[in-house]
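This report refers to the structure that appears directly beneath it.
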Amino acid sequence: MPIGKKILVVVVASALIVALSILPVLLGAPPPADTPDLALPPKPLHIPPEILKPPWLEERRAVQFADLAAADVFRDFAFVDRYAESGLDFVHRIVDDSGKNYLPDHYDHGNGLAAADIDGDGWPDLYFANQAGPNGMWRNAGAGRFEDWTTPALALADRICVAASFADIDNDGDADLYVTSVRGGNVLLANDGMGYFADITEGSGLGYRGHSSAGVFFDYDRDGLVDLLLNNVGAYTREETVANSVGPAYYPGRERAFALHLRPELGEASILYRNLGDNRFVDASTATGFVDSSWAGDASIFDANGDGWLDIYVLNMQGHDQYYENEQGRRFIRKSRAAFPRTPWGSMGAQVFDWDNDGRFDLYITDMHSDMSAAVAWDEEKEKSAVAYSEDFLQSGGLSIFGNAFYRGLDGSDEISTAIGAETYWPWGLSTGDLNADGWEDVFVTGSMNYPFRYGVNSLLLNDRGRRLIDAEFALGVEPRRRTSTRFFVLDCAGADRRHKHCGGEFATVAVYGARGSRSSVLLDIDGDGDLDVVTNDFNSEPMVLLSDLAQRRPALRYMLVDLVGSRSNRAGLGAVVRLRVGARALSQVRDGRSGYLSQSLLPLYFGLDGAEMVDSLEVRWPSGQRQLLAGPIAANQRLVIAEPP
């Protein structure tokens, strides 16, 4: 159970009378729509400064600027949150377990955010998964201006949703969508190519009902059809439903949810589905030997041993991560301890990328649950957690990493997170991309835990030429946010909520505020200007739409977008590796669609070229095993669509 540092966020009486409907406007938020309509006037409000403006932010900013002064990274650009101008009108809402009936459980892990060009117009569109409100599909109408494209089939407003994954399940050239939920049934939605989606769950074999988390598409048997790994967490909820303040009824969490890994009877196995074609999937877990009952929130798919077959790395939120080696699409062999003897204890998100441009892929994993163990001051956030739990609780054989892990290479032997500055505080998902287009991939890590804990920052880590990762979120405008607090819930202290601990005997409407925090993110060029922007899915709040001005600040910006069309491989080329030769430098990326947490997107690969006008050569290693070489010179600043030979 979390025992970290809490900040008092209940609003209390003060001499200044401020109407409930006015205060959020002063803080930059629209008036709340779900405020109780009481005859009595609202209670006078006060928001503690530790939430409204955390005093340590300025100290952290100063330290960061001092560190950046000695770094050899391009940082003459910035991000600005343009949510208000974007046309987006999505707000994430939560179940009461994370609000007024606060109970530490897995609902607080939030939701995913996925991106794809759903209608083939060349602009990336966004799908936000929600918890206690409708999901949202937002079509990019051009230049990063969005319009609501949500239909009832996409909204799924009758269930508590979790993750969202785009994939071309039928190889017809468009992005289909898979959405998971908590005991409401998972949903498969087919795209007609024009951006209209139909529910085809019935008959697909993918309508599992349980405590589902991420859905990860990949072609494990190389038959040209993407298969699905469904991560299931464990039975962290009780059997009866309760009404929620907003949205549908839900199953409340069990007590001590973060110790339920000690109860094997509550385990819920993840499922490996094989794509049979014709939009039909079958459970292939037993047939392939993939048996995993980890408390799994997500997974990473990569070819760890270089044999051309995609392996599975399961991110265990409560224990040792699990690694399964693919034996030519026939069976998976568990080699967890042999390949990765030490892993994070509370893994959340993972990214595979070549951070030092040595031609080998590396693995970066965030660990959130270790940060639940003790209070951490802002100047201790780059250190590993001082976990005091016993081995009886940890069940990890004394081999856990209590914090983020960064493996140079994919064999688990060289863990360098501390040496390169990869530690962050209370992290969730991470996304990688070349944010300054200098030819080195950078990292964006979503963070913060929200009510009832203190504020935590989103981290932007610039890649110092494969030597270290440098914190730059303050220098680049990501932090501090316009608002570090958000209203978490409203109490009717004159009626139904009068016994709530935050009412304190008051006979009024009381608003309770908590720290803002993001869960998932995606890096993409939403306005078509040639640089990468950042969009987040925040917890119980609106998203951030962080537009980069790199294209305006760096006239010599050079980049390459690479999109793939498979023939023998799956149509989207998931699992392909693309390598560019630019002078003496080799740039490598894997097309796995992973970005953020609880999410899978279909976006072109973005390569920053550090001012180079030409790419000397480009090689694609397709999932089918084919290798395709394009000789240069290939002009920069274009979107290159590469079709696999038949």
Residues of region 552-564 that turn out to be crowded, with 17+ Cβ neighbours inside 10 Å and closer than 27 Å to Phe79 by Cα, as a count: 7
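One residue is enough: does region 542-550 have a residue meeting the conditions farther than 23 Å from Leu230 by Cβ, of a type in the set (D, E, K, R), in the same structural domain as Arg519 (by the TED database) and buried (at least 19 other Cβ atoms within 10 Å of the Cβ)? First the steps, then the outcome.
First, the residues of region 542-550 that are farther than 23 Å from Leu230 by Cβ: 542-550.
Cutting the leftovers down to of a type in the set (D, E, K, R) gives us 542, 549.
Cutting the leftovers down to in the same structural domain as Arg519 (by the TED database) gives us 542, 549.
Going one step further and asking which of them are buried (at least 19 other Cβ atoms within 10 Å of the Cβ), we end up with 542.
Yes, region 542-550 has at least one match.
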Gly110 versus (1) farther than 23 Å from Arg639 by Cα; (2) at pLDDT below 95; (3) more than 20 Å from the chain's Cα centre (by Cα): which is the lone unmet condition? (3)
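Only one of Arg331, Arg238, Arg263 is more than 25 Å from the chain's Cα centre (by Cα), surrounded by fewer than 17 Cβ atoms within 10 Å (Cβ to Cβ) and under 30 Å from Pro623 (Cβ atoms). Can you tell me which?
Arg331
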Those residues of region 357-397 that are more than 23 Å from the chain's Cα centre (by Cα) and of a type in the set (D, E, K, R) come to a total of 6
I'd like to know if region 352-364 contains one or more residues that are surrounded by 19 or more Cβ atoms within 10 Å (Cβ to Cβ), among the small types (Gly, Ala, Ser) and touching a residue at least 12 places away in the same chain (Cβ under 8 Å). no
Mind counting the residues in region 290-326 that are among the small types (Gly, Ala, Ser) and either farther than 30 Å from Ala259 by Cβ or assigned by the TED database to the domain that holds Arg621 (or both)? 3
Checked region 57-113 for anything among the aromatic types (Phe, Trp, Tyr) and either surrounded by fewer than 17 Cβ atoms within 10 Å (Cβ to Cβ) or at positive phi (or both); matches are Phe65
Mind telling me which of the residues Leu113, Leu154, Leu103, Leu126 ends up being assigned by the TED database to the domain that holds Val490, more than 30 Å from Asp531 (Cα to Cα) and touching a residue at least 12 places away in the same chain (Cβ under 8 Å)? Leu103
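For (1) under 28 Å from Val352 (Cα atoms); (2) surrounded by 19 or more Cβ atoms within 10 Å (Cβ to Cβ); (3) touching a residue at least 60 places away in the same chain (Cβ under 8 Å); (4) hydrophobic (A, V, I, L, M, F, W, C), each residue gets a yes or a no:
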position	(1), (2), (3), (4)
Phe444	yes, yes, yes, yes
Val457	yes, yes, yes, yes
Glu479	yes, yes, yes, no
Arg482	no, no, yes, no
Thr486	no, yes, yes, no
Gly495	no, no, yes, no
Val510	no, yes, yes, yes
Ser521	yes, yes, yes, no
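Do we have any residue at all in region 163-180 that's charged (D, E, K, R), closer than 27 Å to Gly99 by Cα and more than 21 Å from the chain's Cα centre (by Cα)? Let's see the steps before the verdict.
Our first condition is that a residue be charged (D, E, K, R); within region 163-180, this holds for 168, 170, 172, 174, 176.
Narrowing the set further to residues that are closer than 27 Å to Gly99 by Cα leaves none.
No, because not a single residue in region 163-180 is charged (D, E, K, R), closer than 27 Å to Gly99 by Cα and more than 21 Å from the chain's Cα centre (by Cα).
Considering each of Asp497, Asp538 in turn, give the residue that is at pLDDT below 95 and over 23 Å from Leu609 (Cα atoms). Give the steps one after another, and end with the answer.
Details: Asp538 fails: at pLDDT below 95.
Answer to the check: Asp497.
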Can you name the condition, by its number, that Gly136 falls short on among (1) among the small types (Gly, Ala, Ser); (2) at pLDDT 95 or above; (3) over 24 Å from Ser245 (Cα atoms)? (3)
Note down all Cβ pairs under 6 Å where the first residue falls in region 245-256 and is assigned to a loop (DSSP other than H, G, I, E, B), the second is aromatic (Phe, Trp, Tyr) and exposed (fewer than 15 other Cβ atoms within 10 Å of the Cβ), and they're at least six residues apart or on different chains. none
Tally the residues that are farther than 17 Å from Ala163 by Cβ and not acidic (Asp, Glu), restricting the search to region 108-152. 18
Residue check: is Leu629 within 28 Å of Met137 (Cβ to Cβ), assigned to a strand (DSSP E or B), touching a residue at least 12 places away in the same chain (Cβ under 8 Å) and in contact with a Ser or Thr (Cβ under 8 Å, 6 or more places away or on another chain)? no
When the residues of region 565-581 are filtered to those that are buried (at least 24 other Cβ atoms within 10 Å of the Cβ) and more than 18 Å from Gly409 (Cα to Cα), which remaining residue is nearest to the chain's Cα centre (by Cα)? Leu574
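Given the criteria within 30 Å of Val512 (Cβ to Cβ) and more than 19 Å from the chain's Cα centre (by Cα), does Arg159 qualify?
Working: within 30 Å of Val512 (Cβ to Cβ): yes; more than 19 Å from the chain's Cα centre (by Cα): yes.
Against the criterion (within 30 Å of Val512 (Cβ to Cβ) and more than 19 Å from the chain's Cα centre (by Cα)), Arg159 qualifies.
Could you tell me whether region 589-608 includes any residue that is free of Cβ contacts under 8 Å to residues at least 24 places away in the same chain and among the aliphatic types (A, V, I, L, M)?
Just the residues of region 589-608 that are free of Cβ contacts under 8 Å to residues at least 24 places away in the same chain, to begin with: none.
Taking every residue of region 589-608 in turn, none turns out to be free of Cβ contacts under 8 Å to residues at least 24 places away in the same chain and among the aliphatic types (A, V, I, L, M).
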Every residue in region 189-229 that is in contact with a Pro (Cβ under 9 Å, 6 or more places away or on another chain) and not in a strand (DSSP E or B), please. Asp219, Arg222, Gly224
Candidates Val512, Val478 - the one that is hydrophobic (A, V, I, L, M, F, W, C), within 18 Å of Ser86 (Cα to Cα) and out of contact with any helix residue (DSSP H, G or I) (no Cβ under 6 Å at 6 or more places or on another chain): Val478
Can you pull out the residues in region 440-477 that are farther than 16 Å from Val63 by Cα and of a type in the set (A, V, I, L, M, F, W, C)? Trp440, Val443, Phe444, Val445, Met449, Phe453
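Looking at the structure I just gave you, is Arg145 out of contact with any strand residue (DSSP E or B) (no Cβ under 8 Å at 6 or more places or on another chain), in contact (Cβ under 8 Å) with a residue 12 or more places away in the chain, assigned by the TED database to the domain that holds Leu266 and under 29 Å from Ser548 (Cβ atoms)?
Yes; evaluated as a whole, the condition is true for this residue.
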Return a yes/no flag: does region 379-392 have any residue that is within 21 Å of Ile301 (Cβ to Cβ), among the acidic types (Asp, Glu) and modelled with pLDDT of 85 or more. no
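Do you know which residues across region 397-413 are touching a Lys or Arg at 6+ places or on another chain (Cβ under 9 Å) and hydroxyl-bearing (Ser, Thr, Tyr)? Working first, answer last.
Of region 397-413, the ones touching a Lys or Arg at 6+ places or on another chain (Cβ under 9 Å) are 397, 399-405, 408-410, 412.
Within region 397-413, just Ser400 meets the criteria.
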Does region 455-472 include one or more residues that are out of contact with any strand residue (DSSP E or B) (no Cβ under 6 Å at 6 or more places or on another chain), among the hydroxyl-bearing types (Ser, Thr, Tyr) and modelled with pLDDT under 95? no
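The values are calculated or read from the model by the stated rules, or taken from the named source; none is laboratory data. Note that the coordinates shown come from a computational prediction; the quantities given were computed from them, not determined experimentally. Heads up, the Cβs are rebuilt from the backbone with ideal geometry, glycines too, and the neighbour counts pull from every protein chain shown.
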